Amino acid sequence: MMHPHHRFDAAAIKDAIDPYDFYLKELGLPRYGYQSGVWRVAGTCPFHDDRKAGSFKVNTETGAFKCWSCGASGGDIIAFRQQRNDLDFIDTLRTLTQDWRISSC
Ligand SMILES: [Zn+2]
């Protein structure tokens, strides 16, 4: 149980989670593992009714994401989690900390 006044450190969370591993877990990146480069097609876009993979890409180094179809975008995995799950910033950090079992941040 976390202390109710526990403070979350966004930088420490980003340091602890590799963007590739994050998107692997969230979106099943390995199916597209043959691609080279840091920007990879990451399956269908979770932000619009996407029928065909191709327009949604993630940056496996920075965690940034962008959909060339609906325009959804963000600069890191925190932004992805926040937008996808419609959370406020603190709840985003809280769920990431829990999901990835980050103990001290
Ligand atoms: Zn989209």
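The figures follow:
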{"quantity": "Cross-chain or 6+ apart pairs with Cβ under 8 Å, the stretch 49-71 first and under 16 Å from Gly37 (Cβ atoms), then open to solvent by 40 Å² or more (accessible area, probe 1.4 Å) and within 7 Å of the ligand (Cβ to nearest atom)", "calculated": "Phe56/Phe47; Phe56/Ser69"}
{"quantity": "Residues located in the stretch 72-103, provided they are small (Gly, Ala, Ser) and touching a residue at least 12 places away in the same chain (Cβ under 8 Å)", "calculated": "Ala72, Gly75, Ala79"}
{"quantity": "Residues of the stretch 54-90 classified as surrounded by fewer than 16 Cβ atoms within 10 Å (Cβ to Cβ), touching a helix residue (DSSP H, G or I) at 6+ places or on another chain (Cβ under 8 Å) and either charged (D, E, K, R) or closer than 16 Å to Gly28 by Cα (or both), total", "calculated": "2"}
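The values are calculated or read from the model by the stated rules, or taken from the named source; none is laboratory data. Bear in mind that the values here come from a model prediction, so they are computed numbers and not experimental data. No Cβ is skipped: glycine too gets one built from the backbone with ideal geometry, and neighbour counts run over all protein chains shown. Just so you know, the surface numbers come from the protein's heavy atoms only, side chains and all, with ligands and any DNA or RNA stripped out. Shrake-Rupley method; radii C 1.70, N 1.55, O 1.52, S 1.80 Å.
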